[in-house]
Amino acid sequence: MKALVYTGPETQAYRDVADPIPSEGDALIKVAHTGICGSDMHAFLGHDERRPAPLILGHEVAGTVVSGPLEGKRVTVNPLVTSGTSEACLAGRDNLCPDRQIISMPPREGGFAEYLSMPAGNLVVVPDHISDAQAALAEPIACGWHAVRLAKRALMSDPAEAKALVIGGGAIGLGAALSLKAQGITQVRLIEPNAERAQFLTSSCGIEVLTPDQAETSGQYDLIVDGVGYAATRATATKLAKPGGVISHIGLGSSDGGLDIRRMTLQEITFIGTYTYTADDFRETAKAMFDGRLGALDWTETRPLSDGLKAFSDLRKGAIAVPKILLTPDT
């Protein structure tokens with residue numbers, strides 16, 4: 001099969017690779033679309049030691065099962081594979097399984113390819129009214145769904161009265177904003193410094209968008225989701241959180257700095273680190289998508305897999321207005 005292979009910092013090759021061989025209980029999926037995630041970009045730039053070259057990246061996948069369980073069904077893929085038997089799994093926190101694996105990270109190759117093998121339990125069947133492009137958004141939105149669910153549990157105030165701020169207008173941030181609304185928090189604002197993307201989010205997604213300067217004077221918030229994860233965004237979050245507020249941190253941009261620990265201590269601000277989602281979160285996100293509670297899901301741009309290197313380059317330059325680029329196998 002053809003695949004887009006990460007071969008070293010800022011290099012990728014579109015080339016022939018061996019077809020995946022499904023294990024017992026696995027489904028072989030013909031990939032329709034795979035989204036480019038921020039973690040793929042980190043790996044592409046050589047910033048993620050967990051993703052060494054050569055490697056097929058990509059974990060936001062939708063496609064059609066061509067053999068094995070669910071053959072013939074269109075599916076969206078939960079890329080997080082867990083043991084099912086660990087203490088975390090048995091407690092319903094399978095995303096914290098010590099034996100977890102995720103496609104696009106060894107030993108599991110990712111979805112920037114024509115085919116992908118996955119355990120059948122990681123697949124959610126997609127109804128006819130949802131397109132493959134929409135279905136590919138389940139994974140990034142599920143990250144926000146999980147972060148919002150955890151933050152709501154820690155809120156002091158009534159969620160219906162809470163004011164929320166999301167930092168970052170990519171797919172993770174937008175997914176978090178949509179998840180906030182779907183989970184009953186209606187007063188939602190989002191910070192996005194890219195003017196073109198901010199305009200898109202306002203006009204096409206119905207999101208109230210602030211520039212970083214506007215956010216500085218916009219007041220304080222009960223709940224803040226940091227979908228970026230740099231020192232500067234963490235500093236913004238700790239500054240704008242209300243006393244007793246909650247910060248839910250998704251972004252993995254950088255591990256260093258930003259938190260005002262003294263203010264967080266004196267004002268009893270809760271900081272929650274969140275990683276991916278549980279299997280239940282993924283299924284709940286998919287159902288919310290299928291029920292129309294997360295909007296039109298029309299904020300993607302599709303490009304051929306063979307043109308993946310240029311797509312990564314355009315994203316790095318900030319030349320993309322839409323929150324998500326989907327790569328599609330050429331055949």
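The values are calculated or read from the model by the stated rules, or taken from the named source; none is laboratory data. Every value quoted in this text rests on a predicted model; they were computed, and no experiment measured them. As a convention, Cβ positions derive from the backbone with ideal geometry for all residues, glycine included, and neighbour counts pool all protein chains shown.
Given the criteria within 30 Å of Leu90 (Cβ to Cβ) and either surrounded by 15 or more Cβ atoms within 10 Å (Cβ to Cβ) or assigned by TED's automatic domain parsing to the domain that holds Ala147 (or both), does Gly251 qualify?
Here the answer is yes, as Gly251 does meet what is asked.
So, in region 26-45, how many residues would count as being crowded, with 24+ Cβ neighbours inside 10 Å, over 12 Å from the mean Cα position of the chain (by Cα) and among the acidic types (Asp, Glu)?
Looking only at that region, the number is 0.
From Ala171, Ala133, which residue is farther than 16 Å from Asp281 by Cα, of a type in the set (Gly, Ala, Ser), within 15 Å of the chain's Cα centre (by Cα) and not assigned by TED's automatic domain parsing to the domain that holds Pro79?
Ala171
Mind checking which residues of region 63-113 are within 14 Å of the chain's Cα centre (by Cα) and either modelled with pLDDT under 95 or aliphatic (A, V, I, L, M) (or both)?
Matches in region 63-113: Val77, Leu80, Ile102, Ile103.
One line per residue, one yes/no per condition, for (1) within 19 Å of Asp280 (Cα to Cα); (2) touching a Leu at 6+ places or on another chain (Cβ under 7 Å); (3) assigned to a loop (DSSP other than H, G, I, E, B):
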| position | (1), (2), (3) |
| --- | --- |
| Glu71 | no, no, yes |
| Thr85 | yes, no, yes |
| Cys89 | yes, no, no |
| Gly92 | yes, no, yes |
| Asn95 | yes, yes, no |
| Asp99 | yes, no, yes |
| Ser117 | no, yes, no |
| Gly121 | yes, no, no |
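Out of the residues in region 248-279 that are closer than 30 Å to Asn122 by Cβ and among the aliphatic types (A, V, I, L, M), which is nearest to the chain's Cα centre (by Cα)?
Only one residue tops the list, namely Ile250.
Looking at region 128-138, is at least one residue in a loop (DSSP other than H, G, I, E, B), of a type in the set (D, E, K, R) and surrounded by fewer than 19 Cβ atoms within 10 Å (Cβ to Cβ)?
The answer is yes; a qualifying residue exists.
Which of the residues that make up region 182-201 are under 29 Å from Ala154 (Cα atoms) and either without any contact (Cβ under 8 Å) to a residue 40 or more places away in the chain or touching a Leu at 6+ places or on another chain (Cβ under 6 Å) (or both)?
Selection gives Ala182, Gln183, Gly184, Ile185, Thr186, Gln187, Val188, Arg189, Leu190, Ile191, Glu192, Pro193.
Among (1) at pLDDT below 95; (2) of a type in the set (Gly, Ala, Ser); (3) under 23 Å from Ile36 (Cα atoms), there is one condition Ala133 misses while meeting the rest; what is its number?
Of the numbered conditions (1) at pLDDT below 95; (2) of a type in the set (Gly, Ala, Ser); (3) under 23 Å from Ile36 (Cα atoms), the odd one out for Ala133 is (1).
Tell me whether region 16-23 contains one or more residues that are in a loop (DSSP other than H, G, I, E, B) and touching a helix residue (DSSP H, G or I) at 6+ places or on another chain (Cβ under 9 Å).
no
Pairs under 7 Å by beta carbon, first residue more than 21 Å from Gly46 (Cβ to Cβ) in region 312-325, partner of a type in the set (Phe, Trp, Tyr), six or more apart or different chains?
Close Cβ pairs satisfying both conditions: Ala321/Phe200; Val322/Phe200; Val322/Trp299; Pro323/Trp299; Lys324/Trp299.
Only one of these conditions is not met by Glu49: (1) modelled with pLDDT of 95 or more; (2) part of a loop (DSSP other than H, G, I, E, B). Which number is it?
Condition (1) is where Glu49 drops out.
What pairs can you find where one residue is in region 220-247 and over 19 Å from His146 (Cβ atoms) and in the same structural domain as Ala147 (by TED's automatic domain parsing), the other is assigned to a helix (DSSP H, G or I) and of a type in the set (Lys, Arg), and their Cβ atoms are less than 7 Å apart, with a gap of 6+ or different chains?
Close Cβ pairs (under 7 Å, with a partner that is assigned to a helix (DSSP H, G or I) and of a type in the set (Lys, Arg)) amount to Thr238/Arg263.
Quick one: in region 196-210, of everything that is under 20 Å from Ile250 (Cα atoms) and over 19 Å from the mean Cα position of the chain (by Cα), which residue is surrounded by the most Cβ atoms within 10 Å (Cβ to Cβ)?
My answer is Val209.
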